[in-house]
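Let me begin by presenting the structure, written as structure tokens, before commenting on it.
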Amino acid sequence: MRRTLFLLIFTLSTTHLFSQQIFRNSIFPPNEVPLSMHEDSNGNINIVGYVSDSLFQNLKGYIVTLNSTGDLVEQFLYGEDEEKVSFSKILSLNNKRIVFGAFTDFSQRKLFFIEFDSEWNEIVKKTINIPPDRNLADFRLIIDSDSNLVFTGSTLDYINNYPNNFNLKYDLLGDSIVSFFNNSNYHPISYCIQESFDNTKYYNIIANFHSNGYSGILQLNKTFDTIGYYIFSRDLFYTYSSLPYKDSLILLVGINTINNHKLELCVSNEYGYINQTLSFEKEPIMKEHPALIQPLSKINNHIYLGSTSNFDDLNVYYSQFDSWFHLIKLDTTLNVLWEKWYGGDAYYFLNSVLATSDGGCLLVGTKYPHGSPSLIRYSHFVKVDANGDVQWTQDIEMPELSYKVYPNPTQSVFNIENSELNIIQIELYDISGRYLTSISDCSNSTISIDLSPFSNGIYFAKIKSSKGVRTEKVVKN
């Protein structure tokens, strides 16, 4: 029973992680799938995810920035032609944006993280290899009190598809601090990880750590040595996310499949004793699914909890059901302040909620219009105020930002065709990310850039247009 559930989680949480090739010139229209977001100091929202064709064969990393009123600031795809990239999480530390994801390299799926500056230039990029006999299934991560990146997740063996958990820790320079890959015969599944309030250990929410298969809290020290494993006093069937609550208490989000997939918010101590449970649903016949990447978000004295109401577990992405973004606002004593639903005219699937600095909340996910002639999902954003009233909604279609760049490779001059994308500016960078020059006069239909002053090597043209930003690689030889 638990293995069946894990396969469902695997389908939901890893489809966006793996890619095949760029969708440029694909016969399939693009799907836009926003997964994770953060708010910067200017009140802009940076959102990452992936863009794919409608058969999930071709994927690229997807970055969108919206201002506080929902207007599009910029959007672009990430990845070279030969790369197969997608993003699944964005975090912020010291005014730096850290984006996490995975890519496929010779059929081997790998983790990576990239540190960007405020202009989306790469500062650090680190690829994390998974053991060669295993495949990446899912991962979650935090930035701990030491400013280290702490990953937890699960891998699958190639022969039997059995899961096992892993934990990784890296510093911001991309250097490995400690790693642990479990080879237990019990096939443990890791859901999420949190740091204790005293910053001395981690709480790893995990299932199947012992032969009984129950979920619980695996306490680890800072080098991932096991302190103890404590089974939850109440089985949630699976726990989808956690959030530090207060003292040594943890908020847990899951679903109760015994009781028709109700959404549940539980309070547990560090030894797995659950002393409070809240249940939510729209209608008894409708299944709930917690927001895929981030169902919980806290700001000041308020907590937001999000899920999809009327989730279709038999047709996860392209159901003909009417579904809703489901949002609950609570205070820090877990009194429900209000509960609201958004949508109902299409199949909506919620990926993340973010409590914003104005006291409201942003919900991001996808929208599949009923009767659509092809399998196309759009990015769908809903911004609500502190009372849950909608301030704005936004459906964003990702344009295919590709340009004809020729000759490439070149010995000196290369050209970019302006076409209908209305190029505003082109910036040139070397392979280390160092800025070289820019072209602001882009009125001609063909824009020429001379590389003769520079040595042979790889260069990047950052093309800013009326429809977003795209980076093209150029080789001089």
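Read-outs: derived from the displayed coordinates by stated rules, not from any lab. Computed from a prediction, not measured in an experiment: that's the story for all the values here. Here the Cβ is made from the backbone with ideal geometry for all residues, glycine too, and neighbour counts use every protein chain on show.
Averaging sequence separations of C-alpha pairs under 8 Å and six or more residues apart, then dividing by the length of the stretch 2-396, give the relative contact order as a whole percent.
10 percent
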25 Å Cα-Cα reach of Lys464 towards lysines, excluding residues that sit fewer than 8 places from it in its own chain: Lys60, Lys84, Lys89, Lys96, Lys125, Lys404, Lys473, Lys476
Short version: what are the Cα gyration tensor semi-axes of the stretch 405-476, square root of 5 times each eigenvalue, largest first, in whole Å? 19, 13, 10
Taking Lys and Arg as +1 and Asp and Glu as -1, residues besides Gln411 with C-beta under 15 Å from its C-beta add up to 0
Step by step: find N for the stretch 2-396, compute 2.2 N^0.38 Å, then divide the Cα radius of gyration by it. What's the final number? 0.92
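I need Ser92, Ser307, Ser448 ordered by Cβ neighbour count within 10 Å, fewest first.
Values: Ser92 14, Ser307 28, Ser448 10.
Fewest to most other Cβ atoms nearby, the residues stand as Ser448, Ser92, Ser307.
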For Cα pairs less than 8 Å apart in space and 6+ apart in sequence, what is the mean separation divided by the residue count of the stretch 73-147, i.e. the relative contact order in percent? 19 percent
Per-residue Cβ contact counts at 10 Å, fewest first, order Glu195, Glu417 as Glu417, Glu195
Once a ≥ b ≥ c are taken as the square roots of the eigenvalues of the Cα gyration tensor of the stretch 56-206, is the result rounded (a/c under 1.5), prolate (a/b larger than b/c) or oblate (a/b not larger than b/c)? oblate
